[in-house]
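All remarks here apply to the structure that follows.
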Amino acid sequence: MPGMKYPGIEYHLPSQIPARVYDGDITEAIIVLQKAMKINRYAPLLIATIMGTPIFARWFKSERFGMGIWGLTNSLKT
């Protein structure tokens, strides 16, 4: 996970995703995360899934899971 130091775990994004991972302002990150958690009632579940995936993959090497989101167009699924 970005910003966390876990031996043997590296955080990589696929080359198709145009993003950079770098150190930043933790206060600003907290504010943005708090706003993201209020997008809709399922946002905390989605954020926890995204942030916890690298740890889950490390602890349960032969197990995988998926998360599906269904909804109407323009309902903030993405």
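What follows is calculated from the coordinates using simple rules that are stated; it is not laboratory data. All values reported here derive from a predicted model rather than from experimental measurement. Counting neighbours? That spans all protein chains shown, and the Cβs are built from the backbone with ideal geometry, glycine included.
Between Met51 and Ile17, residue separation times 0.36 nm minus the direct Cα-Cα distance comes to 10.6 nm. Model label points for Phe60 and Tyr6, set 7 angstrom from Cα along the Cα-to-Cβ axis, are 1.3 nm apart. Computed from backbone phi with θ = phi - 60° and the Karplus coefficients 6.51, -1.76 and 1.60, the 3J(HN,Hα) list for region 43-58 is 4, x, 5, 5, 5, 4, 5, 5, 6, x, 4, x, 6, 4, 5, 6 Hz; x is used for glycine and proline.
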